[in-house]
Amino acid sequence: MTEVQATAGTDITPLLQPLQVGQLRLANRFVMPGMQRAWCVDGAPDRRLREYYRRRALGGTALVVCEACAVDHPSAASNPMFARLDANTRDAWRACVEEVHGAGGRMFIQLWHQGAVDTGKAGPDFTALSPSGLEKAGKSFGRPASAAELAEIIQAFARCAVIAREIGADGVEVHACHGYLLDQFLWPETNKRADDYGGASIASRAAFPAEVVTAVRAAVGPGYPISVRISQWKEADYEAKIVSSPAELGQLVSILRSAGTDLFHVSTRRFWTPEWPGSDLGLAGWAKSFTDAPVIAVGSVGLDIDVMATLTGEEARPAGDGRIADLVRRFERGDFDLVSIGRSLIGDPDWVAKMRDGRGAEIRPFRRTDLQWLS
């Protein structure tokens, strides 16, 4: 017998209202974030990945963000199981977009560069490039990128954003979180540069990510949605901080907004965890307090443990109605405009539809075995 989630079904009506983001209209406030499924061959999504995206859109998710998709630069990804966007894979990604559209959803392509994170299977000709050749303090991989190489990487982001627009994607998301390239510029522990892209201030460390966003905006034009995903935590350090205070976060949000960002996708491991003492605001709530742009919150929605606990061997359990009620409360308070559902949507593609229809008790819980690549 299939195990189901024990819940009476919290009323999520507030999260079902549509949202207009520039020229893009979303049917509700639910987003599926980019999550690696290892269903790409030489960067191109296969049939399983197309069906995976389609089913989540069919199940009521308004916006599907594809998994981290390496930009068209030799240093962007060492492992062929990761997604890539270039002339050879564009048609396969076009098919994914068409599947999502056919199911009534919208789709963003997430543009990514691994930086100094060793994702495995690096061949003899691969050179990892990053701000300072560091994944974290004391752990080196590759070397610092030259100014000329960074200029090439900026153009790769812009070039791939144009491909995303041409294949019909509804927007792009610039990946600047979890300890990968653009985040390595934001994090003082991995950015030791002495040029214009480094320094003690968040304004100095944000210069390169902001130039990427600026170039993407120039390439795709004024009406095309650009999301930027940021985080404090890294896969290499759960306690990492790119900003130490609300004031620094406000600076970062303002810089990225001025560069052309339309949405902020604020990644936390638990959406309910206060970011700073004296307030119950999470990082998304603080970000929203500094911008008129829509903010996406994320972090263990529907589950009792965070994603990294799952990846290190723990089994998640449904969190129950109280946690969903808290999510709705924070949304109605104005802490964020959209919410990403990660592992819960892997477990049940109809999570949104079942919650919408008061069938929460029928939701199939996420299990670690749903992430087949772990084994």
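Whole-percent P(r), region 163-229, all Cα pairs, 5 Å bins from 0: 3, 17, 26, 19, 14, 11, 7, 2, 0. Structure remark: mean-square fluctuation, Gaussian network model of the chain, C-alpha springs under 10 Å; the largest value among Asp306, Asp337, Asp280 belongs to Asp280.
So what does log10 I(q)/I(0) come out to for region 144-185 at q = 0.17, 0.30 Å⁻¹, using the Debye formula with one equal point on every Cα and no solvent? Debye output, listed in q order: -0.56, -1.03. The alpha-carbon atoms of region 283-322 define a convex hull whose volume equals 80 cubic angstrom per residue. Taking the chain as a Gaussian network of alpha-carbon nodes connected by springs under 10 Å, the highest mean-square fluctuation of the residues Ser227, Ser340, Ser258 belongs to Ser258. Along its three principal directions, the equivalent ellipsoid of region 219-294 from the Cα gyration tensor extends over semi-axes of 23, 14, 11 Å, largest first.
In percent, rounded to a whole number, the relative contact order of region 60-153 is 30, using alpha-carbon pairs under 8 Å and six or more apart. Taking only the Cα atoms of region 228-366, the radius of gyration and Dmax are 15.3, 44 Å.
Note on the chain: antiparallel DSSP beta bridges, both residues inside, total approximately 20 percent of the bridges counted.
Tell me, what is the Rg over Rh of the chain, with Rh the Kirkwood radius over Cα pairs? Rg divided by Rh gives 0.94. For region 209-258, the alpha-carbon coordinates run over 37, 24, 16 Å along the three principal axes, in decreasing order. Rounded to the nearest 20, the size of the Cβ-charge dipole of region 1-115 about its Cα centre is 220 debye, with Lys and Arg at +1 and Asp and Glu at -1. The relative contact order of the chain, computed from alpha carbon pairs under 8 Å that lie at least 6 residues apart in sequence, is 19 percent. Between the Cα long axis of helix 207-220 and the first principal axis of the chain there is an angle of about 70°, rounded to the nearest 10. Distance between the pseudo-spin-label points of Asn79 and Ala200 (7 Å out from Cα toward the beta carbon): 3.8 nm.
Whole number in Å², please: accessible area per residue of the chain, 1.4 Å probe, ligands, DNA and RNA not counted.
Working: 13910 Å² over 375 residues.
I get 37 Å² per residue for this part.
Solvent-accessible area assigned to carbon and sulfur over region 36-110 amounts to 46 percent, based on a 1.4 Å probe. Annotation: Cα Rg of region 61-141 relative to the compact-globule expectation 2.2 N^0.38 Å equals 1.30.
The values are calculated or read from the model by the stated rules, or taken from the named source; none is laboratory data. All of these numbers come straight from a predicted model, not from anything done at the bench. Every residue, glycine among them, receives a Cβ derived from its backbone with ideal geometry; neighbour counts consider all protein chains shown. Each accessible area value is taken on the protein alone, full model and side chains, heavy atoms only, with ligands, DNA and RNA left out. Shrake-Rupley method; radii C 1.70, N 1.55, O 1.52, S 1.80 Å.
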